[in-house]
Amino acid sequence: MVEISDSLCSLFTAKIKEEDGTFVIRIPPNEIKHGALTGDETYRIALLDSSSEAESTSPQSPRHPASQRTTSHDSSGPPVDEGEVRDVTIETVGDQGDGIAKVERGYVVIVPGAQPGDEPTVEIEQVQENVAFASIVDSDPRAL
């Protein structure tokens, strides 16, 4: 299992391409748009072999056992499905004031009305390639 640092900012899949004698990894625009990375910073990059199975070390887990979910996730697509209910931990607040949680593979889930440290149960409402939007279905009892 790969040890993942708490300072992990972003996790995504990209191909290495050669351009004018150098090798380039393109950062998905949503990583900048959603504040995971900024264009004027220097980052350390780790490369993982795409043939190895990535194991999640994230504390978040589906609220319902896998046998109750209707679809499975392949390693290249989003790790959540619309309608899925799960527990998340809100790590930070985005530019619009919405709570931001990260689940498997660093995938971002935006939760309006949540604050850092909250651990609500959410329902995934909209899934995009690099981000999902969810609503709170059961608030964190500690937040009341």
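With the simple model of a label 7 Å out from the Cα in the direction of the Cβ, E19 to S135 spans 4.1 nm.
Report the local net charge at T38: Lys and Arg +1, Asp and Glu -1, summed over other residues whose C-beta lies under 13 Å from its C-beta. It would help to have the intermediate numbers written out before the result.
On the way: positive: K33; negative: E31, D40, E41, D95.
With Lys, Arg at +1 and Asp, Glu at -1, the neighbours total -3.
The HN-Hα couplings worked out from phi for the range 19-33 by the Karplus form 6.51 cos²θ - 1.76 cosθ + 1.60 (θ = phi - 60°) are 9, 6, x, 10, 10, 10, 10, 8, 8, x, x, 5, 5, 7, 4 Hz, whole numbers, x standing for Gly and Pro.
One chain, two ends: I32 and D95. Fully extended at 0.36 nm per residue, the span grows by 21.5 nm beyond their Cα-Cα distance.
Amide H contacts of D118: I90, each under 5 Å away and 5 or more positions distant or on a separate chain (H built 1.01 Å from N in the peptide plane; Pro and chain starts excluded). Listed values for the range 104-110 are Karplus-derived 3J(HN,Hα) couplings in whole Hz (6.51 cos²θ - 1.76 cosθ + 1.60, θ = phi - 60°), namely 3, 6, x, 5, 8, 10, 9, and x replaces Gly and Pro.
In order along the range 82-95, the Karplus-derived 3J(HN,Hα) couplings, from 6.51 cos²θ - 1.76 cosθ + 1.60 at θ = phi - 60°, round to 4, x, 5, 10, 7, 8, 9, 10, 7, 9, 7, 10, x, 4 Hz, and Gly and Pro are given as x.
Each value in this text was obtained by applying a stated rule to the coordinates, not by laboratory testing. This is a predicted model, so every value here is computed, not measured. Please note: Cβ atoms are built from the backbone with ideal geometry, for glycine as well, and neighbour counts cover all protein chains shown.
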